[in-house]
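> Once you've had a glance at the structure underneath, I'll fire off some questions.
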Amino acid sequence: MYARTTTVRGDPRAVDEGIEYARDAVWPMLQHMSGCVGMSMLADREAGRCIITAAWATEEAMQASAASVRDSRSKAAEVLRADTVDVQEWEIAALHRVHPAGPDACARVIWTEGDRESLDSMVDAFRMTLLPRMEELPGFCSVSLMIDRMTGRASAAVTYESRDALMRSRQMGAAMREDFATAMGARITEVAEFDLALAHLRVPEMA
């Protein structure tokens, strides 16, 4: 499974309009594209930062969609009055769900950099050691891990049932990711929190 993320940094006042555009225009378009297995959107209403993720069954399907989604990406950037737009492509290395995400769900995203030769061992360790501990976090719903084999970068998104659960998990979550990053020789480059604005995912369990 593969994913393309489009990160838009725009006007905080335009975030709700951007969510509506993604829901009413982008998702219906993606549903009719061969190999698309879902879409999600994370939104930071205070910062005006949104991450739209489209998931694909194969790398070939993702690459074939590149030209078709270009116009909708430009329109989304226009709607959000974007300052910057960053597009990245990933391999989905792990996905684990315990509970479905409801309307109040939030997510914490962690980005790391490390040795690309160690990515497979990192993914194995993530599945075997970190996933069981994550299930103990208050309000935990699901987690996905995406990797870039060319650069050694990785991104993990941990979803919680509510903003309160997200806040209550901060201390325990911070200790867990620091222990894991140290053990695997990876460097945490950023941690950010978002509302889960849209979740239309049909990606199967990959734990």
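> Name the pairs whose Cβ atoms lie under 8 Å apart, with the first residue in segment 27-38 and in contact (Cβ under 8 Å) with a residue 24 or more places away in the chain and at positive phi, the second assigned to a helix (DSSP H, G or I) and surrounded by 14 or more Cβ atoms within 10 Å (Cβ to Cβ), and 6 or more positions between them or separate chains?
Taking only residues 6 or more apart or on different chains, the pairs are Gly35/Ala61; Gly35/Met62; Gly35/Ala64.
> Could you look through segment 95-113, keep only residues that are surrounded by fewer than 20 Cβ atoms within 10 Å (Cβ to Cβ) and small (Gly, Ala, Ser), and pick out the one that is farthest from Leu130 (Cα to Cα)?
So, considering only residues that are surrounded by fewer than 20 Cβ atoms within 10 Å (Cβ to Cβ) and small (Gly, Ala, Ser), the one farthest from Leu130 (Cα to Cα) is Gly102.
> Return the residue satisfying two criteria in turn: it lies in segment 140-199 and is assigned to a strand (DSSP E or B) and among the basic types (Lys, Arg), and of such residues it is farthest from the chain's Cα centre (by Cα).
The qualifying residue farthest from the chain's Cα centre (by Cα) is Arg187.
> When you look at Thr182, is it surrounded by fewer than 17 Cβ atoms within 10 Å (Cβ to Cβ) and of a type in the set (Ser, Thr, Tyr), yes or no?
Here the answer is yes, as Thr182 does meet what is asked.
> Here's another thing I want to ask about it. Are there strands (runs of 3 or more DSSP E) fully within segment 28-120 with at least 1 residues that are of a type in the set (S, T, N, Q) and over 11 Å from Ala3 (Cα atoms)? List them.
The strands (runs of 3 or more DSSP E) meeting that bar are 84-97, 106-113.
> When you go through Ala54, Ala22, Ala43, Ala61 one by one, which is the residue that is of a type in the set (Gly, Ala, Ser), closer than 15 Å to Ile92 by Cα and buried (at least 19 other Cβ atoms within 10 Å of the Cβ)?
Answer to the selection: Ala54.
> If you check Ala22 against the conditions, is it assigned to a helix (DSSP H, G or I) and either aliphatic (A, V, I, L, M) or closer than 17 Å to Ala107 by Cα (or both)?
Answer is yes for this residue.
Every number in this text was worked out from the coordinates using simple rules, so none of it is lab data. Remember, it's a predicted structure, so these values are computed and weren't measured experimentally. Quick reminder, even Gly has a Cβ in these numbers, built from the backbone with ideal geometry, and neighbours come from all protein chains shown.
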